[in-house]
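Enquirer: I have a structure here, written as structure tokens, and I will follow up with some questions on it.
The values are calculated or read from the model by the stated rules, or taken from the named source; none is laboratory data. Because the structure is predicted, anything quoted here is derived from the model rather than measured. Reconstructed Cβ throughout: ideal geometry from the backbone, glycine too, with neighbour counts over all protein chains shown. For the accessible areas, the whole protein counts, side chains as well, though only heavy atoms, and no ligand, DNA or RNA atoms are used. Shrake-Rupley method; radii C 1.70, N 1.55, O 1.52, S 1.80 Å.
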Amino acid sequence: HPQLIIRSTEAQMKANLGMRDIPGYRDYQDMLDDISMFEALHPDLVQIEVIGAGWGKDYAQQGLPNYQSFQHDIHAIKVSANVSEDLDKPAFYFIGAHHAREPISMEVCVAILEHLTEGYGIDPDITHILDSSQVWIVPLLNPDGHKLVIDQTDIWWRKNIRDNNNNGNIDTASWGNGYDGVDLNRNYSHGWGNISASDDPISVTYHGLNPFSEPETSALKTLLESKRFLAGVSYHTYGEWVLYPFGYGHNLYAPDVTELSQLAINMAASIPKVGSGTYTPSPSFGLYPVSGSFDDWSYGTRGTFSYTIEMADQFIPPASQVPVIIQNHLTAAKILLQRKDSKTLRGHVTDAETGAALSATFFVEGID
């Protein structure tokens with residue numbers, strides 16, 4: 001018989017958020033202050049860019065009163081040696097907070113930033129990573145929704161705050177459902193609007209009017225199309241999984257499944273669970289099929305080895321657990337960043353006469 005396990009109650013989640021025994025959960029301004037501090041401390045390694053904004057800023061600038069405290073930008077942090085130069089290096093990403101009620105996903109992104117910047121010049125692995133690649137961190141993709149959770153307006157909120165019914169209010173309902181908002185992780189174009197995504201704006205998994213209808217997903221799309229990203233992780237809660245494409249239907253295996261799965265296995269084996277054992281690697285549909293997801297788009301259209309890591313064993317772990325959970329993810333991040341140093345072909349294609357760089361696609365006989 002199926003058994004029901006109560007992972008956390010609403011009261012517990014509120015208590016977990018409210019336990020501001022630092023380190024707990026940052027709000028938007030805390031996050032901005034901290035990443036700005038790392039940029040000031042390590043100007044040769046860290047560069048912050050604003051890549052977009054949420055609906056809140058747009059609505060606030062229209063003069064709508066209910067959005068004046070939601071004027072949030074979306075920040076991307078470039079971490080690399082000689083960061084101000086646009087050097088020819090492969091890129092990696094770490095993304096936090098597609099979903100508002102998963103705030104530890106932002107915390108781990110800030111921790112990765114701290115770990116890389118403080119380790120450079122001291123830890124030879126980190127030094128090599130930043131000398132030979134660019135790491136792009138988007139810690140808070142959904143700052144508007146995140147505010148609703150951190151402020152405890154609605155701790156179950158998952159979506160952004162698109163005003164679906166055009167009434168100038170942020171309309172939440174129950175358990176993350178509500179008339180407003182779009183589930184950002186259903187708003188990408190690859191396999192959009194299929195299984196486990198809703199046409200109903202009230203639904204917690206509402207996929208939006210069309211792919212990339214949301215400023216958050218559109219901003220991330222522009223970033224990922226701007227350079228060659230080899231691999232990356234989008235952090236979520238919960239379940240203690242390392243998931244890889246595809247997820248938009250049952251039993252869909254990617255052409256690169258052998259290597260995609262091996263990297264997932266290696267990362268998962270390095271992450272201790274809250275209880276005992278380590279994380280579980282799985283194709284995305286193994287947890288449940290999802291259409292219009294970031295990973296499917298990133299891999300399916302860009303060829304990036306893209307992973308979702310479902311952290312922890314509840315949406316909002318107690319603040320007292322946060323430092324340990326985050327620390328447990330740093331090794332997996334480094335495993336991903338070191339993957340380019342094995343089993344890869346790389347080089348440059350140039351014009352035989354002028355030496356100018358050419359855009360090219362390689363096909364490897366017997367593999368592609």
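Enquirer: For the chain, which longest stretch is free of loop sites, where a loop site is one of the trypsin sites (Lys or Arg not before Pro) that DSSP puts outside H, G, I, E and B and that has at most 16 other Cβ atoms within 10 Å? Please report the intermediate quantities before stating the final value.
Expert: Numbers: sites that count: R7, R20, K227, R228, K273, K343, R346.
The longest such stretch corresponds to 21-226.
Enquirer: Just to be sure I understand: of the beta bridges DSSP finds with both ends in the chain, what percent are antiparallel, rounded to 5? Write out the running numbers ahead of the final one.
Expert: Values: 15 of 37 bridges.
Antiparallel: roughly 40 percent of the beta bridges in the chain.
Enquirer: Per-residue accessible area for H250 at 1.4 Å probe radius, Å² rounded to 10?
Expert: Approximately 120 Å² for this residue.
Enquirer: Moving on. Could you tell me how many cubic angstrom of Cα convex hull volume the chain has per residue? Display every interim value, and only then the final one.
Expert: Working: hull volume 58.0 nm³, N = 368.
So the per-residue hull volume is 158 Å³.
Enquirer: A further question follows. Exactly which GluC sites (Glu not before Pro) in segment 21-104 are in a DSSP loop and have at most 13 other Cβ atoms within 10 Å?
Expert: On the way: sites: E39, E49, E85; in loops: E85.
Sites meeting the loop and neighbour criteria: E85.
Enquirer: Would you mind telling me the share, in percent, of accessible area of the chain contributed by carbon and sulfur at probe 1.4 angstrom?
Expert: Working: 8100 of 15840 Å².
Solvent-exposed carbon and sulfur of the chain make up 51 percent of the total.
Enquirer: Below 12 angstrom from the Cβ of N169, what's the summed charge of the other residues (Lys, Arg +1; Asp, Glu -1)?
Expert: Working: positive: none; negative: D163, D171, D180.
Combined, the nearby Lys, Arg, Asp and Glu give -3.
Enquirer: Step through the table entries K273/K343; K159/K343; K78/K334; K57/K159; K57/K334, compare each Cα-Cα distance with 27 Å, and write down the pairs that go over it.
Expert: Working: K273/K343 29 Å; K159/K343 38 Å; K78/K334 16 Å; K57/K159 16 Å; K57/K334 35 Å.
Cα-Cα > 27 Å for K273/K343; K159/K343; K57/K334; rest within.
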